[in-house]
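K.L.:
My questions all concern the structure below.
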Amino acid sequence: ALPISNKGLLTPTLVVGVGRTGIRSLERIRRKLTHRFGESSSWPAVRLLAVDTDADVLRDLAKTEPVGSELADQLLVCKFRKPSQYFKTWESLTHLSKWLNPNSLFQITATGTTNGHRPLGRLALIENYRRILSRLRSELEMLAAPMSIERSEEHTSELQSPCNLVCRLLLEKK
């Protein structure tokens, strides 16, 4: 383990934004980190992961607010099966039928998005849990790399209370 200096080490942090609102928050955090510490290569101990069913979510958000191009590399798109495939096996999906009305499946668009229908967002998370878990593990491995921690300490040494960095960045005025 690396010795932690008293300079104010940026604690390894993975911030996950789920859905359009979560991705908006990630983008706001990314902009504030970039403004405060420079490009993301200066703060490798902070990783951002966006999760959505809509591959075009970043393009749509860019119509109303600035979105960094690097967020596209941090987007994990969760796809659905076709609604008919759920209906064929509905009897065996008792774990879904307890909280998902089968009529909700008709809300899945032709492009495979939820149209903001939250139960479908939950279904997307369940359907893609293996991919999500694999990506989370990968992101955490990158965060735990000694080089990431050392590099973040070099560039963020003025921090005095790193444990609340994300909350502080969100609460700062624009």
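The values are calculated or read from the model by the stated rules, or taken from the named source; none is laboratory data. Bear in mind that the values here come from a model prediction, so they are computed numbers and not experimental data. Cβ atoms come from the backbone with ideal geometry, glycine included; neighbour counts cover every protein chain shown. For the accessible areas, the whole protein counts, side chains as well, though only heavy atoms, and no ligand, DNA or RNA atoms are used. Shrake-Rupley method; radii C 1.70, N 1.55, O 1.52, S 1.80 Å.
K.L.:
Taking the stretch 55-86 only, how many residues are under 13 Å from Ile108 (Cα atoms) and more than 13 Å from the chain's Cα centre (by Cα)?
P.N.:
Final tally of qualifying residues: 8.
K.L.:
For the condition modelled with pLDDT of 90 or more and surrounded by fewer than 17 Cβ atoms within 10 Å (Cβ to Cβ), what is the one hit in Arg131, Arg118?
P.N.:
Of Arg131, Arg118, the one residue that is modelled with pLDDT of 90 or more and surrounded by fewer than 17 Cβ atoms within 10 Å (Cβ to Cβ) is Arg131.
K.L.:
One residue is enough: does the stretch 41-51 have a residue meeting the conditions in a helix (DSSP H, G or I) and either over 24 Å from Leu140 (Cβ atoms) or of a type outside the set (Phe, Trp, Tyr) (or both)?
P.N.:
Step one: filter the stretch 41-51 for residues in a helix (DSSP H, G or I), giving 41-42.
If we keep only those that are either over 24 Å from Leu140 (Cβ atoms) or of a type outside the set (Phe, Trp, Tyr) (or both) as well, we get 41-42.
Within the stretch 41-51, one or more residues are in a helix (DSSP H, G or I) and either over 24 Å from Leu140 (Cβ atoms) or of a type outside the set (Phe, Trp, Tyr) (or both).
K.L.:
Out of the residues in the stretch 17-31 that are in contact (Cβ under 8 Å) with a residue 60 or more places away in the chain and open to solvent by 30 Å² or more (accessible area, probe 1.4 Å), state the one that is nearest to Ala124 (Cα to Cα).
P.N.:
Only one residue fits best here, namely Val18.
K.L.:
Is there a residue being at pLDDT 85 or above and outside any strand (DSSP E or B) anywhere in the stretch 6-19?
P.N.:
yes
K.L.:
Count, please, the residues in the stretch 120-138 that happen to be touching a helix residue (DSSP H, G or I) at 6+ places or on another chain (Cβ under 9 Å) and under 19 Å from Gln74 (Cβ atoms).
P.N.:
Residues in the stretch 120-138 being touching a helix residue (DSSP H, G or I) at 6+ places or on another chain (Cβ under 9 Å) and under 19 Å from Gln74 (Cβ atoms): 3 in total.
K.L.:
Considering only residues that are open to solvent by less than 10 Å² (accessible area, probe 1.4 Å) and touching a Cys at 6+ places or on another chain (Cβ under 8 Å), which ones fall in the stretch 37-52?
P.N.:
Hit for the stretch 37-52 is Val51, nothing else.
K.L.:
Right, something else. For the stretch 108-119, enumerate the residues that are touching a helix residue (DSSP H, G or I) at 6+ places or on another chain (Cβ under 6 Å) and part of a helix (DSSP H, G or I).
P.N.:
Pro119
K.L.:
OK, next. Name the residue that is most open to solvent (accessible area, probe 1.4 Å), counting only residues in the stretch 58-95 that are in a helix (DSSP H, G or I) and under 19 Å from Arg131 (Cα atoms).
P.N.:
Filtering first and then ranking leaves Asp73.
K.L.:
Can I ask one more? Within the stretch 152-170, does at least one residue satisfy the condition of being open to solvent by 70 Å² or more (accessible area, probe 1.4 Å), at pLDDT 70 or above and either of a type in the set (A, V, I, L, M, F, W, C) or out of contact with any Gly (no Cβ under 9 Å at 6 or more places or on another chain) (or both)?
P.N.:
The answer is no, given that none of the residues of the stretch 152-170 is open to solvent by 70 Å² or more (accessible area, probe 1.4 Å), at pLDDT 70 or above and either of a type in the set (A, V, I, L, M, F, W, C) or out of contact with any Gly (no Cβ under 9 Å at 6 or more places or on another chain) (or both).
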